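The values are calculated or read from the model by the stated rules, or taken from the named source; none is laboratory data. All figures in this text were calculated on a predicted structure; none of them were measured in a lab. Methodologically, a virtual Cβ is constructed for each residue, glycine included, from the backbone with ideal geometry; neighbour enumeration extends over all protein chains shown. Surface accessibility is based on the protein's heavy atoms, side chains included, excluding ligands, DNA and RNA. Shrake-Rupley method; radii C 1.70, N 1.55, O 1.52, S 1.80 Å.
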There are 2 protein chains.
Amino acid sequence: MSRQELVELVRSQLQALLQQKNFQGAKALLVPVQPADIAQAIEGLPKAMQAIAFRLLSKQEAIEVYEYLDSSIQQSLIAELRQQEVLEIVDKMSPDDRARLFDELPAIVVQQLLQQLSPAQREATALILGYKEGTAGRIMTTEYLSVKEDLTVSQAIERVRVLASATEIIYYLYVTDRERRLTGTLSFRDLVIAQPEQRLGEIMTRDVIFVHTDTDQEEVAQIIQRYDLVAVPVVDTEQRLVGIVTVDDVLDVLEQETTEDIYTLGGVEAGGDNYFQANVLTAARKRVVWLFVLLIANTGTTAVISAQENVLEQVVALAAFIPLLIDTGGNVGAQSSTVVIRGLNLREVGIKKALQVVTRETITGALLGVMLGIAVIFWAYLLEGSLPIAMTVGTSLLTITILAAVSGSGLPFLFGAIGLDPALMSAPFITSIVDVLGVFIYLMLARAILQL
Amino acid sequence: MSRQELVELVRSQLQALLQQKNFQGAKALLVPVQPADIAQAIEGLPKAMQAIAFRLLSKQEAIEVYEYLDSSIQQSLIAELRQQEVLEIVDKMSPDDRARLFDELPAIVVQQLLQQLSPAQREATALILGYKEGTAGRIMTTEYLSVKEDLTVSQAIERVRVLASATEIIYYLYVTDRERRLTGTLSFRDLVIAQPEQRLGEIMTRDVIFVHTDTDQEEVAQIIQRYDLVAVPVVDTEQRLVGIVTVDDVLDVLEQETTEDIYTLGGVEAGGDNYFQANVLTAARKRVVWLFVLLIANTGTTAVISAQENVLEQVVALAAFIPLLIDTGGNVGAQSSTVVIRGLNLREVGIKKALQVVTRETITGALLGVMLGIAVIFWAYLLEGSLPIAMTVGTSLLTITILAAVSGSGLPFLFGAIGLDPALMSAPFITSIVDVLGVFIYLMLARAILQL
């Protein structure tokens, strides 16, 4: 049984038990289930049942499940639960997850909650909320184990025994000097292997990879990925350790960045809330600007055809092939821009290789154009019975394909070089650009070949 | 200085030193640099210098750097280095990285290398190579720490001291029974916190999340992401522990899957080698099939216009608006399909919500259509000076926009429901489908409004 099926089974049984008001049964059902799966099952329940199901959980489990819930459900639960229940959960959340929740809540609720947190938790949250969105400071947690470098191994183990149960992440110990400046790291394995009387300063790794509080979250993700880390320490401008970013937060960042990349490729404005939780007006707003930009580009195509109307007046059959030509141009351009933009995002290709890549794409485009062109000549001859028309369509297709490959591969590089996001030159934009030129070429070739 | 700038600096200095044959200087330059950065610097060197630079590294460092190199460079180095050097590196690589390298090498080279590996390493690699590509078995490593459940904590610590230096990953201990069946896990923290005389069976976590050797790698990635794990154990059909998959390998899997998703969205066949390392023929092959499929769809549009040619003969001005109408339809469809496909991939929406999402997208599409339609009526009137033509274009645009939103959001769900990849219904395909219908609607509306 897949996890998905398991969650669905739990959800349907839970819903049935709650409808029968069999709360003992529902409680027993959830005991062996993982918090992440309980959270997903609760998300699938009708709104009115969510708070009831959530109340069945033990206090410790409630906190864990809460952190896995989608932020819209976290918010609605806050409204449903009694103030005391809310406080207990929010106080025990890890500071980075809490900061993320506070980002979504109305300011007045945040104020109320902040005031009632325990002083240590209030301080930790306020610290994180003080950093700019999208930086390491904002996604870090302040729950890590740090020890001073002049401790012995056995003193450090003693300290870990005392502190360990309170911290979220447990893979590294961070070693600091008297001024709380980060000087090294230790894994638990190092601690287990070392002799009890050794000083931490002797056995720690001094060559630490770290980030600053204002490092961009995407860069943090790349560093963790590149150096195969489980967590990376975060320091302030004076090199003092203030938090760590863990790999599970980075997985979320990567997912979010990928969604933004894909949205940009599809011509949807990226950023902000979950698209499916936004209302229709927000959804429309995220799309209308780019549609208008594209529309203006498309009026160029209309103007070109309008200006050459006398060609179409003489051979109206030519009009039938316009969609085929511009769609194929768009498709070839989309393919080229897709691979180039992805390559640039992953740093598989750099600006320096632009000429090489564009040349390669042009040759590929020409190859594809020849194959598609020959197919289209047959089709056009079959449909219209005129060889000159068929030849016009075929040669136009070849020219448009090459043009599309050049723009699709070249424009993302150009945008990257002048400091814009290469993904802005994605399929819809390449299509619009190729269309204007493509239609012009088609009508010019028609004029020449058909001697109009 | 960003990591990227650091690497570039190292690369340029390294190249200069190697050109001056100052090998001591080059060696000194690389000492403080991280293996991942050295690997990237070497990748940027001219081909002839790569093996020379690589030989400057100490044996231990060479192994680490080698694992970070791109597979094409790993292969060319194998050809350049002496047999003995190659063996030393390959023998010390972790089994999963070695299996990945062997996937890329010619079979004859793999045979030679396998024969000369140490027996333990040969066995580990052969084990991994025995599983199907894309499964947990193929990306797992056999280097993990496992202990029997009847050991005491102090016996376990002793065992860890002996074994720890040989293993890649060090975050969990896996506990098995006498038959090597996985029964629990322990973190190093658990070990440090526990009393020395306790049995592992008493303190271990029994509720272990694991995967099977044939679990799909994408599912493994989702499980690690979902449960915030650092590594997940892999068991065979008899529940015996055979390996672990670590989060750093999963980051690579996620990146690869994202590239495949994005390629599919852009109409490029996914899978196989790095696109930029493939030759022009391979690149063309990856693209030609879908282009022909799309071309066939586009001939539908041509056929529709051809059949309605008498409409265009009477009012040739109508032809000028065809590209604008179908491009806008394509853009709106691309937006809808992009958000729905991404939502389905991330499981933010399920098949059950199809009706709700399609309704929402339809309303959004109608809103956008009204705004764009009004703009286009003005533009068409300006260009052609005919209100009936302007009204035809405007109402067609509204209809096409709604149609595009319905198909763009509905078809990915339909494909998902019948077990196909929803991403196949991406922008290029939606565009082609909307075009055929869109042009038909346009010419029909023209017939009605202009009374042709």
Which fully enclosed helices (runs of 4 or more DSSP H) of the range A:67-181 have 3 or more residues being charged (D, E, K, R)?
A:83-92, A:95-104, A:153-163
Where A:Val232 falls short, out of the listed (1) crowded, with 18+ Cβ neighbours inside 10 Å; (2) among the aliphatic types (A, V, I, L, M); (3) out of contact with any Ser or Thr (no Cβ under 9 Å at 6 or more places or on another chain); (4) more than 10 Å from chain B (Cβ to nearest Cβ):
(3)
All but one of (1) open to solvent by less than 80 Å² (accessible area, probe 1.4 Å); (2) under 25 Å from B:Val7 (Cβ atoms) hold for B:Arg100; which doesn't?
(1)
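To keep it simple, each residue is scored yes or no on (1) open to solvent by less than 10 Å² (accessible area, probe 1.4 Å); (2) more than 23 Å from the chain's Cα centre (by Cα).
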residue	(1), (2)
A:Trp379	no, yes
A:Thr392	yes, yes
A:Leu397	yes, yes
A:Gly416	no, no
A:Ser426	yes, no
A:Ala448	no, yes
Residue match in the range B:251-258 (condition: modelled with pLDDT under 85, under 24 Å from A:Thr362 (Cβ atoms) and either within 10 Å of chain A (Cβ to nearest Cβ) or open to solvent by less than 30 Å² (accessible area, probe 1.4 Å) (or both)):
no
Condition check for A:Ile377: of a type in the set (Val, Ile, Thr), modelled with pLDDT under 90 and more than 20 Å from B:Leu324 (Cα to Cα):
no
Report whether or not A:Ala36 is among the small types (Gly, Ala, Ser) and open to solvent by 20 Å² or more (accessible area, probe 1.4 Å).
no
For A:Val247, state whether it is among the β-branched types (Val, Ile, Thr), without any contact (Cβ under 8 Å) to a residue 24 or more places away in the chain and more than 30 Å from A:Ser187 (Cβ to Cβ).
no
With the requirement that a residue be surrounded by 18 or more Cβ atoms within 10 Å (Cβ to Cβ) and assigned to a helix (DSSP H, G or I), what does the range A:39-50 give you?
A:Ala39, A:Gln40, A:Ala41, A:Ile42, A:Gln50
Subset of the range A:124-166 (residues that are farther than 19 Å from A:Arg180 by Cβ and of a type outside the set (A, V, I, L, M))
A:Thr125, A:Lys132, A:Glu133, A:Gly134, A:Thr135, A:Arg138, A:Thr152, A:Ser154, A:Glu158, A:Arg161, A:Ser165
Being at pLDDT 85 or above and open to solvent by 30 Å² or more (accessible area, probe 1.4 Å) narrows it down to one of B:Glu348, B:Glu361, B:Glu313, B:Glu269, so name that one.
B:Glu313
Assess whether A:Val332 counts as being within 29 Å of A:Gly410 (Cα to Cα) and either surrounded by 24 or more Cβ atoms within 10 Å (Cβ to Cβ) or more than 7 Å from chain B (Cβ to nearest Cβ) (or both).
yes
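Residue-by-condition table, conditions (1) farther than 19 Å from A:Ile449 by Cβ; (2) not polar (S, T, N, Q):
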| residue | (1), (2) |
| --- | --- |
| A:Thr364 | yes, no |
| A:Glu384 | no, yes |
| A:Ala390 | no, yes |
| A:Val393 | no, yes |
| A:Ser396 | no, no |
| A:Thr401 | no, no |
| A:Ala404 | yes, yes |
How many residues does the range B:375-403 contain that are away from chain A (no Cβ under 11 Å) and touching a residue at least 60 places away in the same chain (Cβ under 8 Å)?
7
Might you check whether a residue that is closer than 23 Å to A:Thr299 by Cα, of a type outside the set (Val, Ile, Thr) and over 24 Å from the mean Cα position of the chain (by Cα) occurs anywhere in the range B:346-365?
yes
Those residues of the range A:307-323 that are of a type outside the set (Phe, Trp, Tyr) and either at the interface with chain B (Cβ under 7 Å from one of its Cβ atoms) or in contact with a Cys (Cβ under 8 Å, 6 or more places away or on another chain) (or both) come to a total of 9
Would the range A:420-429 turn up any residue that is more than 11 Å from chain B (Cβ to nearest Cβ) and over 21 Å from A:Ile296 (Cβ atoms)?
yes
Exactly one condition in (1) among the charged types (D, E, K, R); (2) within 12 Å of chain A (Cβ to nearest Cβ); (3) open to solvent by less than 70 Å² (accessible area, probe 1.4 Å) is not met by B:Asp216; state its number.
(3)
Some residue of the range B:7-18 being open to solvent by less than 60 Å² (accessible area, probe 1.4 Å), assigned to a helix (DSSP H, G or I) and under 24 Å from B:Arg98 (Cα atoms):
no
For A:Leu318: the one exception among (1) within 30 Å of A:Phe440 (Cα to Cα); (2) assigned by TED's automatic domain parsing to the domain that holds A:Val339; (3) without any contact (Cβ under 8 Å) to a residue 24 or more places away in the chain:
(3)
Only one residue in A:Val340, A:Val289, A:Val304 is of a type in the set (A, V, I, L, M, F, W, C), more than 7 Å from every other protein chain (Cβ to nearest Cβ), closer than 14 Å to B:Ile322 by Cβ and out of contact with any Cys (no Cβ under 7 Å at 6 or more places or on another chain). Which one?
A:Val304
Residue tally, condition in contact with a Leu (Cβ under 8 Å, 6 or more places away or on another chain) and closer than 19 Å to B:Ala404 by Cα, over the range B:372-392
5
How about the range B:378-419: which of its residues are of a type outside the set (A, V, I, L, M, F, W, C) and closer than 18 Å to B:Ala317 by Cβ?
B:Tyr381, B:Glu384, B:Gly385, B:Ser386, B:Pro388, B:Thr392, B:Gly394, B:Thr395, B:Ser396
Scan the range B:298-309 and tell me whether some residue there is open to solvent by 10 Å² or more (accessible area, probe 1.4 Å), closer than 19 Å to A:Val332 by Cβ and free of Cβ contacts under 8 Å to residues at least 24 places away in the same chain.
yes
By residue number, the members of the range A:194-210 that are closer than 12 Å to A:Val153 by Cβ and either away from chain B (no Cβ under 11 Å) or open to solvent by 60 Å² or more (accessible area, probe 1.4 Å) (or both) are A:Gln195, A:Pro196, A:Glu197, A:Gln198, A:Arg199, A:Leu200, A:Gly201, A:Glu202, A:Ile203, A:Met204
Filter the range B:237-250 down to the residues that are more than 13 Å from chain A (Cβ to nearest Cβ) and among the polar types (S, T, N, Q) and list them by number.
B:Thr237, B:Gln239
